[in-house]
Amino acid sequence: VTLKGKPRFSDFNLVPENWGADIHAWLVVFAAKYPFLEELRLKRMAISDESLEFLAVSFPNFKALSLLSCDGFSTNGLAAIATHCKNLTELDIQENGIDDKGGSWLSCFPESFTSLEVLNFANLSSDINFDALERLVGRCKSMRVLKLNRSVSLEQLQRLLVNAPQLAELGTGSFSEELTFRQYVELESALSNCKNMHTLSGLWDAKGIYLPALYPVCTHLTFLNLSYAALRSDELAKLLAHCPRLKRLWVLDTVEDKGLEAVGLNCPLLEELRVFPADPFDEEIIHGVTEAGFVAVSFGCPRLHYVLYFCRQMTNAAVATIVQNCPDFTHFRLCIMNPGQPDYITNEPMDEAFGAVVKTCTKLQRLSVSGRLTDLTFEYIGRYAKNLETLSVAFAGSSDWGMQCVMGGCSKLRKLEIRDCPFGNAALLSGLEKYESMRSLWMSACNVTMNGCRLLAREMPRLNVEVMKEDGSDDSQADKVYVYRSIAGPRRDAPPSVLTL
């Protein structure tokens with residue numbers, strides 16, 4: 001079973017505490033009806049230690065637990081899973097709001113336990129019980145995914161790799177420990193024995209001096225995630241020279257445009273690029289990436305079809321060039337970090353940039369727009385983006401007409417996310433024909449009123465129309481609106497701050 005809970009904006013702290021999405025009621029029913037449940041994958045759900053313990057003791061054949069962006073639990077809950085799930089093959093803990101009470105939970109796996117194939121605890125912060133981890137990795141000969149947190153040193157990494165040369169995916173710990181020459185040679189040797197490795201991540205605090213140890217595994221890599229490694233352009237360039245098969249690359253903007261030029265020169269098979277800001281709140285920042293780096297990638301990577309690109313400046317002409325070079329984009333997420341910023345050369349709105357995207361990229365499924373935009377952008381989207389499923393909009397648009405164009409034109413739209421835009425009731429109500437076939441609509445800091453939301457709820461009784469009120473806000477305004485279809489009627493787990501109309 002896979003369950004997704006809270007709206008995506010909970011990642012940005014825009015959803016109230018205790019919004020709902022608690023797993024426990026589901027587990028109680030599963031235990032009664034589906035006692036042979038083997039896999040549970042949760043995203044943005046609330047799960048307590050008590051729920052994890054209930055899960056561990058209620059399903060004798062339980063094998064796989066994946067928690068992505070969940071909260072409410074601690075490492076005590078992981079200890080319960082380790083203690084009771086005798087057939088566990090996967091424990092994947094990603095980006096969760098977890099209460100980390102130390103690494104002793106790893107010693108709760110019985111010494112006879114050998115079935116683990118996937119172990120990911122990369123986002124836990126505390127030191128772990130390394131001896132218990134080393135014994136666990138040594139016992140589990142089928143382990144193919146191991147992602148460590150930053151408390152694991154390079155010397156410890158080498159010891160783990162000696163026991164697990166069969167790994168296909170590795171998330172290293174910290175990459176900054178001072179090594180003797182002998183230790184470095186041993187690390188390089190252990191890595192070169194990992195013949196099946198295709199995914200590499202971690203590399204916290206990576207020092208350029210140790211990156212050459214990775215060269216032997218780079219040859220077969222298809223995914224390199226450097227989103228925790230603040231590499232410089234020259235360090236990235238040297239690494240990528242050894243990565244001819246790379247299809248997915250995540251980096252921080254510390255690589256600058258020069259680093260992205262190296263991507264274009266060395267990664268002809270690249271399909272996905274994500275460039276994250278190392279420090280999104282530092283406006284005085286001197287490094288970062290611009291349109292030049294993006295253009296360079298597009299010239300060298302014609303198969304590119306997924307991009308998430310955070311930058312501080314962009315031009316209409318650059319985006320037009322990029323999509324001409326890479327017309328097969330299915331996901332185009334451009335985030336110009338200064339809200340409402342125009343084309344910095346012409347001072348024009350960025351309308352023609354996104355017009356070029358939707359006109360050229362006929363396979364486009366997901367689009368995130370940014371920069372100074374008028375209703376013209378949304379006219380283009382409604383007219384040309386016929387396969388669009390997800391649209392994210394922030395600090396953009398001129399009037400309700402823009403959203404009306406999208407609602408009238410994008411027949412396959414499933415998710416629409418809008419924040420800090422001048423759209424009001426007319427825009428909200430323009431989707432009456434659409435909302436039952438969509439998955440969800442999110443609107444926050446727009447011009448929507450409570451009356452507009454009530455009208456929507458009255459016209460569409462099978463929708464859940466939820467309004468999240470903020471302390472001290474105007475009673476007539478709907479601060480945050482979340483609309484989704486439901487076959488179960490209004491939910492019963494909403495806190496008082498969430499009104500279901």
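The values are calculated or read from the model by the stated rules, or taken from the named source; none is laboratory data. Remember, predicted model here, so these are calculated numbers, not experimental data. We place every Cβ from the backbone using ideal geometry, glycine too, and count neighbours over all the protein chains shown. Accessible surface is based on the protein model in full, side chains and every heavy atom, while ligands, DNA and RNA are left aside. Shrake-Rupley method; radii C 1.70, N 1.55, O 1.52, S 1.80 Å.
For the stretch 401-423, does any single residue satisfy the condition of being open to solvent by 30 Å² or more (accessible area, probe 1.4 Å), closer than 22 Å to Arg372 by Cα and in contact with a Pro (Cβ under 9 Å, 6 or more places away or on another chain)? Yes, that holds for at least one residue.
One residue is enough: does the stretch 247-262 have a residue meeting the conditions without any contact (Cβ under 8 Å) to a residue 40 or more places away in the chain, more than 26 Å from Cys326 (Cα to Cα) and open to solvent by 10 Å² or more (accessible area, probe 1.4 Å)? The answer is no, given that none of the residues of the stretch 247-262 is without any contact (Cβ under 8 Å) to a residue 40 or more places away in the chain, more than 26 Å from Cys326 (Cα to Cα) and open to solvent by 10 Å² or more (accessible area, probe 1.4 Å). Looking at the stretch 331-350, which of its residues are over 26 Å from the mean Cα position of the chain (by Cα) and open to solvent by 10 Å² or more (accessible area, probe 1.4 Å)? Once the filter is applied, which keeps residues that are over 26 Å from the mean Cα position of the chain (by Cα) and open to solvent by 10 Å² or more (accessible area, probe 1.4 Å), the stretch 331-350 yields Pro342, Tyr344, Ile345, Thr346, Asn347, Glu348, Pro349.
Taking helices (runs of 4 or more DSSP H) as the structural unit, those lying wholly within the stretch 247-360 and holding at least 3 residues that are closer than 20 Å to Leu226 by Cα and among the acidic types (Asp, Glu) correspond to 256-266. Among the conditions (1) open to solvent by 50 Å² or more (accessible area, probe 1.4 Å); (2) touching a strand residue (DSSP E or B) at 6+ places or on another chain (Cβ under 8 Å); (3) at pLDDT below 95, the only one that Ser126 does not satisfy is (1).
Please indicate, with yes or no, whether at least one residue in the stretch 307-324 is out of contact with any helix residue (DSSP H, G or I) (no Cβ under 8 Å at 6 or more places or on another chain), closer than 23 Å to Lys247 by Cα and open to solvent by 30 Å² or more (accessible area, probe 1.4 Å). No: the stretch 307-324 contains no residue that is out of contact with any helix residue (DSSP H, G or I) (no Cβ under 8 Å at 6 or more places or on another chain), closer than 23 Å to Lys247 by Cα and open to solvent by 30 Å² or more (accessible area, probe 1.4 Å). Considering Glu379, Glu348, Glu389, the condition of being among the acidic types (Asp, Glu) and in contact with a Lys or Arg (Cβ under 8 Å, 6 or more places away or on another chain) is satisfied by Glu389 alone. Restricting attention to the stretch 77-92, the residues that are part of a helix (DSSP H, G or I), open to solvent by 10 Å² or more (accessible area, probe 1.4 Å) and either basic (Lys, Arg) or touching a strand residue (DSSP E or B) at 6+ places or on another chain (Cβ under 8 Å) (or both) total 0.
The residue that is most open to solvent (accessible area, probe 1.4 Å), counting only those in the stretch 278-298 that are under 18 Å from Arg232 (Cβ atoms), modelled with pLDDT under 95 and of a type outside the set (Gly, Ala, Ser), is Ile286. Candidates in the stretch 1-54 are the residues that are β-branched (Val, Ile, Thr) and outside any loop (DSSP other than H, G, I, E, B); of these, the one that is most open to solvent (accessible area, probe 1.4 Å) is Thr2.
Among the strands (runs of 3 or more DSSP E) confined to the stretch 436-501, the ones with at least 2 residues that are surrounded by fewer than 18 Cβ atoms within 10 Å (Cβ to Cβ) and not charged (D, E, K, R) are located at 498-500. Quick one: would you say Val465 is β-branched (Val, Ile, Thr) and in contact with a Leu (Cβ under 6 Å, 6 or more places away or on another chain)? Yes; evaluated as a whole, the condition is true for this residue.
The set of residues from the stretch 221-232 being crowded, with 18+ Cβ neighbours inside 10 Å and assigned to a loop (DSSP other than H, G, I, E, B) comprises Leu221, Leu226, Tyr228, Ala229, Ala230, Leu231. The residue list Gln341, Gln313 contains one member that is farther than 19 Å from Phe12 by Cβ, in contact with an Asp or Glu (Cβ under 7 Å, 6 or more places away or on another chain) and in contact (Cβ under 8 Å) with a residue 12 or more places away in the chain, which is Gln313. The requirement of being assigned to a strand (DSSP E or B) and of a type outside the set (S, T, N, Q) is not satisfied by Leu106.
On the stretch given as the stretch 55-66, residues that are of a type in the set (A, V, I, L, M, F, W, C), under 27 Å from the mean Cα position of the chain (by Cα) and open to solvent by 10 Å² or more (accessible area, probe 1.4 Å) total 0. Asn61 satisfies every condition listed in (1) assigned to a loop (DSSP other than H, G, I, E, B); (2) closer than 26 Å to Glu17 by Cα except (2).
Whenever a residue of the stretch 175-191 is buried (at least 19 other Cβ atoms within 10 Å of the Cβ), its partners that are of a type in the set (Val, Ile, Thr), lying with C-beta atoms within less than 6 angstrom and at least six residues away or across chains, give the pairs Ala190/Val162; Leu191/Val217. For the stretch 129-143, the set of residues classified as open to solvent by less than 50 Å² (accessible area, probe 1.4 Å) and in a loop (DSSP other than H, G, I, E, B) consists of Cys140, Met143, listed by residue number. Condition test on Leu65, is it in contact (Cβ under 8 Å) with a residue 60 or more places away in the chain and of a type in the set (A, V, I, L, M)? When the stated conditions are applied, Leu65 does not pass them. Residues in the stretch 147-156 that are over 19 Å from the mean Cα position of the chain (by Cα) and either open to solvent by 60 Å² or more (accessible area, probe 1.4 Å) or free of Cβ contacts under 8 Å to residues at least 40 places away in the same chain (or both): Arg150, Val152, Ser153, Glu155, Gln156.
Would you confirm whether any residue within the stretch 98-115 is under 17 Å from His84 (Cα atoms) and charged (D, E, K, R)? Checked against the condition, which is being under 17 Å from His84 (Cα atoms) and charged (D, E, K, R), the stretch 98-115 yields at least one hit.
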